[in-house]
Amino acid sequence: MTEQSRTDGVVVEIDIDATPDEVFAALIEPESVVGWWGEDGDGYRCTAFRSAAHKGGRWWSEHRGKATDPVCILVGEYVEFEPPRRLSFTWEFERYTAETEALPVTTVAIDLEARDGTTHVKLTHSGFKAGSRQIEDHRGGWRSALAGLSRFVTARAA
């Protein structure tokens with residue numbers, strides 16, 4: 001897994017032993033997303049996901065941590081939907097804490113490229129305020145999420 005620094009966000013890259021079609025499907029199918037997002041116990045785990053999987057369609061996810069943690073609701077709209085090459089969507093906290101209410105709507109872009117029997121995944125999450133603590137928080141979250149995506153898709157493809 002590799003990472004790049006940006007002043008307004010993060011870039012995380014990983015190679016997954018599966019086809020771009022398999023990876024793209026795991027990014028938008030509700031049962032799949034619940035299977036990989038937060039599956040390694042990194043804090044919040046996706047417990048529900050809904051998706052109108054097309055350009056202009058909306059997505060919604062619920063995340064839960066420990067019983068004492070607040071429920072996190074994330075929502076967005078698919079801005080680009082080009083299976084199996086590119087997926088881009090807005091990212092907005094609908095509910096979490098007072099701190100996240102002040103966060104701007106950001107954008108996640110995921111590019112998939114077939115490479116020698118694997119899929120190279122490049123995720124760019126941008127639009128944060130430069131220097132925001134949320135950049136590092138999301139870098140760690142995406143690093144963990146992409147590792148979970150890799151394990152999930154690889155196991156399903158086997």
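Among residues of region 18-47 being modelled with pLDDT of 95 or more, loosely packed, with under 15 Cβ neighbours inside 10 Å and more than 14 Å from the chain's Cα centre (by Cα), the one that is farthest from Phe93 (Cα to Cα) is Asp21. Looking at region 63-137, the strands (runs of 3 or more DSSP E) lying wholly inside it that each contain 2 or more residues that are surrounded by 13 or more Cβ atoms within 10 Å (Cβ to Cβ) and acidic (Asp, Glu) sit at 72-82, 86-95, 106-115.
Do the conditions hold for Val121, that is, is it over 12 Å from Val10 (Cβ atoms), β-branched (Val, Ile, Thr) and in contact (Cβ under 8 Å) with a residue 60 or more places away in the chain? So Val121 passes the test. Out of Val79, Val121, Val105, Val75, one residue alone is more than 23 Å from Phe152 (Cβ to Cβ), aliphatic (A, V, I, L, M), at pLDDT 95 or above and in contact with a strand residue (DSSP E or B) (Cβ under 9 Å, 6 or more places away or on another chain). It is Val79. Here Arg50 fulfils each of the conditions (1) over 19 Å from Leu149 (Cβ atoms); (2) basic (Lys, Arg); (3) part of a strand (DSSP E or B) apart from (1).
The values are calculated or read from the model by the stated rules, or taken from the named source; none is laboratory data. The model shown is predicted, which means the values in this text are computed figures rather than measured ones. Here the Cβ is made from the backbone with ideal geometry for all residues, glycine too, and neighbour counts use every protein chain on show.
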